[in-house]
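Trainee: Starting off with a structure, shown below.
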Amino acid sequence: MNIGVIGTGNIGTEHIRRLAGHVSGARPGAVFDVDTERAGAIAAAVGASVHREAHDVIDDPAVDAVLIASPGDTHAELVLACIAADKPVLCEKPLATTSGAALKVVEAEAAHGRRLVQVGFMRRYDPGYLQVKSVLDSGQIGEALMLHCVHRNPSVPPTFTTDMTLTDSVVHEIDVTRWLLDQEIVATTVLGGRQSPLAADGLRDPKLVLLETDAGVLVDVEIFVNARYGYDVRCELVGATGTVTLDTPSTGTVTRNGGRAQPIHPDWQERFSQAYVDELQAWVAGLARGVTGGPSVWDGYAATAVAEACISSRGTRTTVDLADRPSLYRSTP
């Protein structure tokens with residue numbers, strides 16, 4: 001199966017590498033990036049063709065499916081083109097940069113009548129998160145009452161904004177909350193306290209995000225993007241009769257001289273490297289059966305809508321107003 005990849009930045013390049021060497025049943029067949037020199041070098045390394053425009057990848061009859069890893073503000077338009085071409089697509093998050101644009105994608109796919117689009121929320125494929133969901137779904141800890149989340153980055157680029165801490169980082173906890181609990185988020189509150197002296201000027205960091213679900217579950221998320229010591233993502237789900245915890249996965253913990261040293265992942269790419277492979281493999285396996293599964297455009301729309309509410313809250317409780325969910329997506333999240 002030939003996969004056309006649009007975007008050869010960090011994540012696009014890593015996806016091409018995974019398709020070329022770690023995913024069975026598929027290969028990178030075509031590539032586009034505005035940086036034509038970079039795209040050409042990457043394509044040559046894996047034996048893929050290079051296109052002059054993003055839409056040329058979508059329209060290429062030799063391309064069986066498309067992977068979109070271009071900047072977020074291009075996603076909605078490219079996904080709509082894939083739907084119009086009746087071509088399956090895996091779109092990295094965000095599905096769109098506004099809920100209005102994301103809703104247009106929902107409406108277009110619903111009108112098309114079948115799912116073609118999967119959104120790249122890779123945490124759903126992480127073994128740790130899958131175990132948390134399995135424990136909850138099995139009833140071992142009773143019904144969910146609260147969810148505590150930690151999301152820490154060692155640092156972010158100088159161009160990283162306060163809004164991006166919500167739209168690029170907390171959006172993962174937003175999706176995880178909906179997926180783990182099988183509930184929609186109906187309200188948000190964002191609180192900013194004492195700021196890190198290491199944060200760039202104008203960047204409000206860290207923050208505490210409170211999410212409320214339609215079943216009354218409370219979710220708190222600590223987002224801290226200048227933690228310096230490493231990339232640290234954790235959660236604890238509190239049930240009526242027990243808890244289940246996802247701690248920092250590590251290998252090579254050393255106990256000696258009366259102490260214990262535990263390695264921490266340096267970044268998100270290393271922490272979720274296997275989840276990305278498993279995500280791609282599940283997508284390709286589904287396409288081979290004629291099925292598009294995984295996170296849907298409804299999930300992408302809902303996550304964007306909640307992130308927008310987070311941006312608006314600024315210390316006040318803000319409700320999340322979602323459109324009516326089309327029947328095509330009523331079996332998800």
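A short reminder: the numbers here are calculations on the coordinates, not readings from a lab. Treat the numbers as computed from the prediction; the structure is a model and nothing was measured. Neighbour counts run over all protein chains shown; Cβ positions are idealised from the backbone, glycine included.
Trainee: I'd like to check something: does segment 156-165 contain any residue that is within 14 Å of the chain's Cα centre (by Cα) and in a helix (DSSP H, G or I)?
Mentor: From segment 156-165, those within 14 Å of the chain's Cα centre (by Cα) are 164-165; that's our starting set.
Checking which are in a helix (DSSP H, G or I) leaves us with 164-165.
Scanning segment 156-165, I find at least one residue that is within 14 Å of the chain's Cα centre (by Cα) and in a helix (DSSP H, G or I), so the answer is yes.
Trainee: Any idea which of (1) over 29 Å from residue 98 (Cβ atoms); (2) surrounded by fewer than 21 Cβ atoms within 10 Å (Cβ to Cβ); (3) touching a residue at least 12 places away in the same chain (Cβ under 8 Å); (4) out of contact with any Lys or Arg (no Cβ under 8 Å at 6 or more places or on another chain) is the one residue 237 doesn't satisfy?
Mentor: Only one criterion is unmet by residue 237, namely (2).
Trainee: Provide a single number: the residues in segment 1-59 that are more than 23 Å from residue 282 (Cβ to Cβ) and part of a helix (DSSP H, G or I).
Mentor: 14
Trainee: Further, regarding this structure: I'd like the residue in segment 141-166 that is among the β-branched types (Val, Ile, Thr) and surrounded by fewer than 22 Cβ atoms within 10 Å (Cβ to Cβ) and, out of all such residues, is nearest to residue 239 (Cα to Cα). It would help to see each step written out before you state the result.
Mentor: Here is the first cut: in segment 141-166, the ones among the β-branched types (Val, Ile, Thr) are 141, 150, 156, 159, 161-162, 165.
Of the ones still in play, those that are also surrounded by fewer than 22 Cβ atoms within 10 Å (Cβ to Cβ) are 141, 150, 156, 159, 161-162.
On the way: 141: 5, 150: 18, 156: 34, 159: 39, 161: 35, 162: 32 Å.
My answer is 141.
Trainee: Among the residues of segment 46-68, what is the count of those that are in contact (Cβ under 8 Å) with a residue 24 or more places away in the chain and within 16 Å of residue 20 (Cβ to Cβ)?
Mentor: The total comes to 6.
Trainee: Tally time: how many residues in segment 242-278 are in contact with a helix residue (DSSP H, G or I) (Cβ under 7 Å, 6 or more places away or on another chain) and free of Cβ contacts under 8 Å to residues at least 60 places away in the same chain?
Mentor: 1
Trainee: Please enumerate the residues belonging to segment 170-218 that are closer than 20 Å to residue 121 by Cα, among the hydrophobic types (A, V, I, L, M, F, W, C) and not in a strand (DSSP E or B).
Mentor: Correct list: 170, 171, 174, 176, 179, 180, 181.
Trainee: Restricting attention to strands (runs of 3 or more DSSP E) lying wholly within segment 233-325, give those where 2 or more residues are touching a strand residue (DSSP E or B) at 6+ places or on another chain (Cβ under 6 Å) and either aromatic (Phe, Trp, Tyr) or under 26 Å from residue 165 (Cβ atoms) (or both). I'd like the intermediate steps shown before the answer.
Mentor: Values: elements: 243-246, 254-256, 259-261.
Ranges flagged: 243-246.
Trainee: While we're here: Tell me which residues, restricted to segment 98-143, are touching a residue at least 12 places away in the same chain (Cβ under 8 Å) and part of a loop (DSSP other than H, G, I, E, B).
Mentor: 98, 113, 114, 115, 116, 121, 126, 140, 141, 142, 143
Trainee: In addition: Which condition does residue 99 not pass, out of (1) buried (at least 21 other Cβ atoms within 10 Å of the Cβ); (2) within 15 Å of the chain's Cα centre (by Cα); (3) among the hydroxyl-bearing types (Ser, Thr, Tyr), if it passes all the others?
Mentor: (2)
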